[in-house]
Amino acid sequence: MAITFEVIHKDIAGRVGKLRVNDKTVRTPALLPVVNPHLPLVTPREMREMGVEALITNAYIFRRSTEFHDRALAEGLHGVLDFDGVIMTDSGSFQLSVYGEVEVSNRDTLEFQQAIKSDIVVPLDLPTPPDAGPGRAARELAVTMERIREAQALFPDANLAAPVQGGIFTDLREEAGRAVRDLDFTFAPIGAVVPLMESYRYKELVQVVLAAKRGLSPGTAVHLFGAGHPSMFALAVAMGCDLFDSAAYALFAREGRYITPHGSLKIDELAELPCACRVCRSMTADELRKSEDRERLLALHNLHVTLAEIARIRQAIQDGTLWELVDERCRSHPRLLDGYRELLAHVAELERDDPVSKRRFFYRGSETCRRTEVLRFHEVIPRIPLGERVLVSFDGQGAPGFDTVLNFKPPFGPYPVELAETFPVGQSEVPEWDDDMVRSGCAGIRSLMEAHPESRFTVQCGEVWTRLVLEEVPDAEVLHEQV
Ligand code: GUN
Ligand code: ZN
């Protein structure tokens, strides 16, 4: 198969990569705008000028279109759409799940997608809705897997994507991911998540995506099918999603909605256009509202904002600041915060992929204490060699009579002075200490104590922290005065 994926930078489970398809390259994370040939609010050529390297369109629409069917077969999609980047086609499965039966077979759609020269073709998977029980989800997953195998057998040279289904059941999602991995796919979309996102069920979204990722190979490019709102991209990338497709820019424009990285606003309620794009800087909110071209201008703005968020995420990964971006974005809606907290609940799996060193670590409140860097620190401190009598000093003052003196930096915990300049201690910025971060640092003291039962520990913490430290580290001697 002529799809390859190369990971270049990593942060959390997110990555900046290069997807190569038929000698064309797409930088990931990437957004594939959805193009409807009948209603091109923004043309593919304009998209190309905005930096779009790949787009997605629906083979089903071309198949049924009196206007485009023959042209697509004769000229190919790249000719009809006037786009020389990567074009992915969807099979119409989603139409099937939303509108009922689609009169097309797996073989038909695969043949048609190849005949119109699609770069990435999708079999006719079955998107299982979230309200389906485990029996139905398992049966539908079996059909999807059968169709993926059939696709591989019929068209061994095609650039096939293998959708991961399984409804809301994490065991099925993981099994689906493993099955796709065993078939050696480099490109896997995670399907049937649109209804979860539409009803803000981000916690379950995180559960199913992480389950699918556990089964998939780390070398597989993962597409999140139908994820179009920029406020959740950072969260999805942190889980290891590499590609998104968005119809939201156009659908929202049609409904008079103005997308921002934190949410969307009704254009009728806007007094200002708080955005740096060409549209927003060339007119007032009132002019946009009254413009005859309003739908198209809104779509242009929406697409600009969406693409800018993808660029911001790629930069954050290279800077090692993706956690901070996830934290910021997930505070735009309480249900997104639920998703973020669910992600933090899986930090042990994420820690394996997370880089050992980053440029900086900013403390942003209690969630920060559960980040990968804190967990890893707590896992490595037991390896610090210690003498018999150990002092952990909150104010960094040493004292006579101790064999080992350690400093203390929340939310991490105790560290030897030799680590003062290394990540994360040296690159972390914390505000005035609060209870959550000091408790997290105390967890670090506890893991050190567990690893060194032969040592005796004294914590010199100053008056304000005495009560909390006694609670958190009951087996240490706690001093609140200078020793
Ligand atoms: N678009 C949004 N969700 C899906 C899905 O589950 N499968 C396919 N093929 N397309 C989609
Ligand atoms: Zn704008």
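So which residues in the stretch 410-425 are farther than 19 Å from F362 by Cβ and part of a loop (DSSP other than H, G, I, E, B), if there are any at all?
P416
Find all pairs meeting these conditions: Cβ atoms under 7 angstrom apart; at least six residues apart or on different chains; first residue within the stretch 462-474 and free of Cβ contacts under 8 Å to residues at least 60 places away in the same chain and part of a helix (DSSP H, G or I); second residue of a type outside the set (K, R) and surrounded by fewer than 15 Cβ atoms within 10 Å (Cβ to Cβ).
L468/D435
Have a look at P29, P44, P33 and point out the one that is more than 25 Å from the chain's Cα centre (by Cα) and not hydrophobic (A, V, I, L, M, F, W, C).
Only one candidate passes the filter, namely P44.
Looking at the stretch 279-319, which of the residues that are polar (S, T, N, Q) and within 11 Å of ligand 2 (Cβ to nearest atom) is surrounded by the fewest Cβ atoms within 10 Å (Cβ to Cβ)?
That would be S282.
Name every residue in the stretch 186-209 that is surrounded by fewer than 24 Cβ atoms within 10 Å (Cβ to Cβ), within 13 Å of ligand 1 (Cβ to nearest atom), of a type outside the set (V, I, T) and more than 14 Å from the chain's Cα centre (by Cα), in order of residue number.
Listed by number, the residues that qualify are P195, L196, E198.
Give me a count of the residues in the stretch 205-245 that are assigned to a helix (DSSP H, G or I) and among the aromatic types (F, W, Y).
1
Taking the stretch 281-334, which residues are part of a helix (DSSP H, G or I), more than 23 Å from the chain's Cα centre (by Cα) and among the hydroxyl-bearing types (S, T, Y)?
S282
Report yes if P230 is closer than 20 Å to S332 by Cα, more than 15 Å from ligand 1 (Cβ to nearest atom), surrounded by 24 or more Cβ atoms within 10 Å (Cβ to Cβ) and not hydrophobic (A, V, I, L, M, F, W, C), otherwise no.
yes
Which members of the stretch 259-275 meet the condition of being out of contact with any Pro (no Cβ under 9 Å at 6 or more places or on another chain) and either within 16 Å of ligand 1 (Cβ to nearest atom) or touching a residue at least 12 places away in the same chain (Cβ under 8 Å) (or both)?
Within the stretch 259-275, G263, S264, I267, D268, L270, A271, E272, L273, P274, C275 meet the criteria.
Quick one: would you say G226 is within 29 Å of I168 (Cβ to Cβ), at pLDDT below 95 and either small (G, A, S) or within 15 Å of ligand 2 (Cβ to nearest atom) (or both)?
Yes: the conditions hold for G226.
Among the residues of the stretch 210-217, is any within 13 Å of ligand 1 (Cβ to nearest atom), under 16 Å from the mean Cα position of the chain (by Cα) and of a type in the set (A, V, I, L, M)?
For the stretch 210-217, residues within 13 Å of ligand 1 (Cβ to nearest atom), under 16 Å from the mean Cα position of the chain (by Cα) and of a type in the set (A, V, I, L, M): present.
The values are calculated or read from the model by the stated rules, or taken from the named source; none is laboratory data. Given the structure is predicted, the values throughout are model-derived calculations rather than measurements. Please note: Cβ atoms are built from the backbone with ideal geometry, for glycine as well, and neighbour counts cover all protein chains shown.
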